[in-house]
Amino acid sequence: MDDVTLGTGDLAGRGVYAARDFAPGEVVVAYELRPLDAADYLALPEGEDLFVHSYGGRRYLYPAPARFVNHSDDPSCHQDFDRCCDIAARAIARGEPITIDAGQETARELGTFLDAYRSALDERSAPAMSELIDVDAVLWTRGRVFRGRDAVVAELLGDAGSSLSGVEWLVGTGRWEALCSADVDTAGGRGHASILLKVIAGNWQVVYQHRSPAA
C-alpha cells in the first residue's frame, strides 16, 4: 500500500491513487485472490460480494487496494491476470487515479467459464459440469425440455462427442448477465446453441440453453 493510497471513487465510494510516480511497465498494484466456496461466499459480510469475481467456475475475492481500482475508458493500467497485478500502461504521476478497463475482467471471467465448460464436456464430468449449471436451469434440445441441474447435466453429457466452437458473445459487457451463441458438434451432427449465463451467488452459471439443428 506504500505505493498507492485510497481516496474517493466509484467502487463503494473509493478509488486508488498513485502515491509516487510510476514508469510504464511497473507493477502498480499486486494482489492475491482468495478462493471462496459456496459457504465462504454466503458467510461474507454485507457488501463484500461486490468484490467477488468468478474465473473458471470458481469464486475469488479481491483484496484491498486492488478491489477499489476503478474503471476508465482510458485506463492508466492494464491487468496481468497470470501474475495477479495491475501494470502501468504509461507514465503515471503521483496523485493520478489508478484505473483499469473493467471489460477485461468480464472477458476473462466469461472466457475462463467457457474453458471450464468445454473441459467438463470433454471429460464427461458430471461434478465439474454441475458447478457450472444453475439448480433451476432449463435446456431445450431436439424438441424436448429438461428442467433442473441434474436433468440438464445428464442431457448435456449424454451427447457423445458434444463440443462447442465458433463462440460469439451477443451480450458480454454486463457484470451480471451474458448471452453467447455457439456451434455445437455432436455424434448426430452440427447444431446451434444459445446459452444464457448469470452470476448467481457470486458465480457464473448457465441458467438457460437452447440447442437447435443447423439450418
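The values are calculated or read from the model by the stated rules, or taken from the named source; none is laboratory data. Remember, predicted model here, so these are calculated numbers, not experimental data. Quick reminder, even Gly has a Cβ in these numbers, built from the backbone with ideal geometry, and neighbours come from all protein chains shown.
The table that follows gives values for the structure above.
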| item | result |
| --- | --- |
| Given (1) buried (at least 16 other Cβ atoms within 10 Å of the Cβ); (2) under 17 Å from the mean Cα position of the chain (by Cα), index of the condition residue 65 fails | (2) |
| Test: residue 83 is surrounded by 14 or more Cβ atoms within 10 Å (Cβ to Cβ), within 28 Å of residue 115 (Cα to Cα) and modelled with pLDDT of 95 or more | no |
| Positions within the stretch 12-45 being in a strand (DSSP E or B), under 23 Å from residue 90 (Cα atoms) and among the aliphatic types (A, V, I, L, M), in sequence order | 16, 18, 27, 28, 29, 30 |
| Among (1) closer than 23 Å to residue 18 by Cα; (2) in a strand (DSSP E or B); (3) without any contact (Cβ under 8 Å) to a residue 60 or more places away in the chain, the one test that residue 98 misses | (3) |
| All positions within the stretch 101-130 that are acidic (Asp, Glu), free of Cβ contacts under 8 Å to residues at least 60 places away in the same chain and closer than 27 Å to residue 185 by Cβ | 115, 122, 123 |
| Where a residue in the stretch 200-212 is within 9 Å of residue 139 (Cα to Cα) and its partner, wherever it lies, is among the polar types (S, T, N, Q), with Cβ under 6 Å and at least six apart | 210/194; 211/141 |
| Hits in the stretch 46-92 - residues which are β-branched (Val, Ile, Thr) and assigned to a loop (DSSP other than H, G, I, E, B) | 69 |
| Single unsatisfied condition, residue 124 versus (1) outside the structural domain of residue 176 (by TED's automatic domain parsing); (2) over 21 Å from residue 202 (Cβ atoms); (3) out of contact with any Lys or Arg (no Cβ under 9 Å at 6 or more places or on another chain) | (1) |
| Hits in the stretch 183-192 - residues which are surrounded by fewer than 21 Cβ atoms within 10 Å (Cβ to Cβ) and either hydrophobic (A, V, I, L, M, F, W, C) or within 27 Å of residue 59 (Cα to Cα) (or both) | 187 |
| Members of the stretch 155-165 that are loosely packed, with under 15 Cβ neighbours inside 10 Å and not in a loop (DSSP other than H, G, I, E, B) | 158, 163, 165 |
